[in-house]
Amino acid sequence: MSDLAQRFADAQAKIKPVNGLGNDVMLDMYALFKQATVGDVSGSRPGMIDIRGRAKYDAWVKKKGTSKDAAMTAYIALVEKHAK
């Protein structure tokens, strides 16, 4: 496992027990995580009734084109900012 991948895994473990993060922060973390692990979003946007799915999809779309390493780095920085 590369150093970046290890730091990414450590960041995931570090943020898991943290509570009380705002929706914007949670959506940004979700989008960065998905971009780092899956890549660009695929599939169709969820319908109007699926508000949560639609918000997650929209957040992920904003990260489109971000490289895996850049998404991991941004995720780690976000975790460091919010996990004390």
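The values are calculated or read from the model by the stated rules, or taken from the named source; none is laboratory data. Keep in mind it's a predicted model, so treat the numbers as computed, not measured. For neighbour counting, all protein chains shown are included, and Cβ atoms are generated from backbone atoms with ideal geometry for every residue, glycine included. The accessibility values were calculated without ligands, DNA or RNA, using every heavy atom of the protein model including side chains. Shrake-Rupley method; radii C 1.70, N 1.55, O 1.52, S 1.80 Å.
Key figures for this structure:
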quantity	calculated
Nearest-ten-degree value, helix 68-82 long axis tilted from longest Cα axis of the chain	80
Net charge dipole size for region 1-80 [Lys, Arg +1 and Asp, Glu -1 on Cβ; Debye, nearest 20]	240
MRE, 222 nm, helices only [DSSP H, n ≥ 4, -39500 (n - 2.57), over the chain, to nearest 500]	-20500 deg cm²/dmol
Two-site label geometry, residue 68 and residue 16: point separation in nm, points 7 Å out along Cα→Cβ	2.2
FRET efficiency estimate (nearest 0.05) - Cβ-Cβ, residue 1 to residue 55, R0 25 angstrom	0.20
Alpha carbon convex hull of the chain, volume per residue in cubic angstrom	92
Surface per residue (accessible, 1.4 Å probe) for the chain, Å²	66
Rounded to 10°, Cα long-axis angle of helix 23-37 versus longest principal axis of the chain	80
Packing rank of 19-26, 1-8, 57-64, where each peptide gets the mean count of other beta carbons within 10 Å, highest leading	57-64, 1-8, 19-26
Theoretical gain in end-to-end length, residue 40 to residue 26 [0.36 nm per residue, Cα-Cα removed]	3.2 nm
Angle in degrees between helix 3-15 and the longest Cα principal axis of the chain, rounded to the nearest 10	70
